[in-house]
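As structure tokens, the structure follows; a few thoughts come after it.
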Amino acid sequence: MTGRLQIQEFMVIKAGGIPIYHYSVGNRRKLDELLSGFLSAITSFASEFGERYVQSLSFEGSEIMYEQGEDGILFIVLVDSTAPRKVLRMVLRELSRKFQLQYSKEIRLEISLSDAFDGFTQEVERAFSYYENILRVTSNLSPFIVPKIKRRTLDIAIQSNSLLDDFHRDFGTAGTRILEAIDGKRPVIRLSSELGLELEETNEIIEYLVIWGVVSIYRLCPKLQENDSRFDAYLDIIGLPTKDYQLLNRAKALCNGRRSIVEISERLNVTNETLYDLLLKLGDQVEWLYVPIEEL
């Protein structure tokens with residue numbers, strides 16, 4: 001299987017069940033054995049429930065996910081049952097779009113040459129690699145990650161990929177409110193609190209936007225101002241409780257703009273929320289730096 005995506009195989013099938021492209025991560029092609037059962041099952045389910053409700057089927061501990069393209073073309077992946085479905089749906093969507101653009105003439109031929117689509121393997125491997133990196137990025141999501149919109153990418157996605165339609169269908173007004181509230185400065189925990197949304201729901205929405213490639217995420221790294229008499233005077237003015245003052249003394253050396261809230265909290269053995277709330281009390285005495293989580 002392919003790393004985090006857990007993909008075993010990818011196949012393109014013409015109307016009538018004729019395979020025209022097959023990519024296998026391993027040596028054994030399991031999809032060949034499952035194909036007739038898969039086509040029979042989706043035909044049966046689609047006639048009863050409608051095709052748009054049938055997006056995956058389970059076979060022998062694995063799962064088949066599919067996307068239907070134009071002219072009855074099917075794009076399918078065979079994956080592990082624990083594979084990340086949100087990302088795989090994006091993989092299928094991207095590969096189906098590119099395949100149809102690249103081979104529009106070949107698809108319409110009555111007789112398909114088996115080697116006519118061999119050049120698509122590079123696109124398949126590129127897509128797998130890209131979305132593997134996306135999964136590495138999203139694995140860093142936490143309440144103390146700061147999302148920032150990629151404005152140009154968002155505009156393109158809205159125009160070409162029906163992002164807003166899918167987004168509204170999946171998340172409704174909550175998704176719209178999050179998208180409008182992202183300012184590249186507030187962490188997820190503040191967005192969630194200020195909008196009155198559950199943290200889990202906010203995280204899911206941010207994850208969706210990262211997978212779409214329209215949002216990048218940053219680690220929130222505090223940097224304390226130099227310790228001097230003015231800083232001490234400021235602490236006297238705001239009147240920190242003894243417990244907070246002791247924690248601040250322990251945190252000073254670690255808050256250098258290179259460590260995230262999560263990393264510092266782990267070293268101090270306190271919760272992320274405790275440290276973040278304390279630093280917020282210091283106002284302008286803390287400089288917040290945003291370190292990008294890169295797509296490797």
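The values are calculated or read from the model by the stated rules, or taken from the named source; none is laboratory data. Predicted, not measured: the structure shown is a model, and the values here were computed from it. A quick note on method: Cβ atoms are made from the backbone with ideal geometry, for glycine too, and the neighbour counts reach across all protein chains shown.
The table that follows gives values for the structure above.
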{"read-out": "Candidates Glu200, Glu180, Glu207, filtered to the one that is more than 30 Å from Ile264 (Cβ to Cβ) and of a type in the set (Asp, Glu)", "value": "Glu180"}
{"read-out": "Residue within region 162-176 that is modelled with pLDDT of 85 or more and aliphatic (A, V, I, L, M) present", "value": "yes"}
{"read-out": "Sole exception among (1) surrounded by fewer than 20 Cβ atoms within 10 Å (Cβ to Cβ); (2) modelled with pLDDT of 80 or more for Ser229, by number", "value": "(2)"}
{"read-out": "Odd one out for Asn133 among (1) within 14 Å of the chain's Cα centre (by Cα); (2) within 30 Å of Gly17 (Cα to Cα)", "value": "(2)"}
{"read-out": "Qualifying residue in region 105-128 (condition: hydroxyl-bearing (Ser, Thr, Tyr) and within 30 Å of Arg259 (Cα to Cα))", "value": "no"}
{"read-out": "Residue in region 116-138 that is more than 23 Å from Leu5 (Cβ to Cβ) and surrounded by 17 or more Cβ atoms within 10 Å (Cβ to Cβ) present", "value": "no"}
{"read-out": "Of all residues making up region 1-43, the number that are at pLDDT below 75 and touching a Lys or Arg at 6+ places or on another chain (Cβ under 6 Å)", "value": "0"}
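Residue by residue, here is whether (1) assigned by TED's automatic domain parsing to the domain that holds Met90; (2) under 30 Å from Glu263 (Cβ atoms); (3) crowded, with 17+ Cβ neighbours inside 10 Å holds:
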| site | (1), (2), (3) |
| --- | --- |
| Thr153 | no, yes, no |
| Asp165 | no, no, no |
| Asp170 | no, no, no |
| Ile178 | no, yes, yes |
| Asp183 | no, yes, no |
